[in-house]
Amino acid sequence: MTRRRLRLPAAIAVFAVVAPALAAQPEPPPGSSAVAAIRSNARHFGATVKQGSTEFGRRFAHGAREAGQQFHSDLHQVGHSIHHWWDGVRSSLARA
């Protein structure tokens, strides 16, 4: 993939995290300064990104754990099937 193709999904992901935080922000009071509003928005943005990142990490770890367990279960089933097949081969050779 080119860099251009990689940047677009990243921008969409950032927008998906930022949009709800910015939409939930109340309008600043009429007497507050622009610097205070920027600082407040930056704090909220940072908290939202941190929360989203933490949630993503939890979901990723949970999914990886489930995938590992499923892989182990499938591998065990394959081993059981091969063992069963090999027992059948050995018994048919013993009868011959």
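Every read-out reported here was derived from the displayed coordinates using simple, explicitly stated rules and does not represent laboratory data. From a predicted model like this one, the values you see are computed outputs, not experimental measurements. Here the Cβ is made from the backbone with ideal geometry for all residues, glycine too, and neighbour counts use every protein chain on show.
A cut-off under 14 angstrom between Cβ atoms defines the neighbours of GLN51, and their net charge, with Lys, Arg +1 and Asp, Glu -1, is +3.
Can you tell me the dipole magnitude for the range 28-91 around its Cα centre, using point charges on the Cβ only (Lys, Arg +1; Asp, Glu -1), in Debye to the nearest 20?
For the range 28-91, the charge dipole is close to 440 debye.
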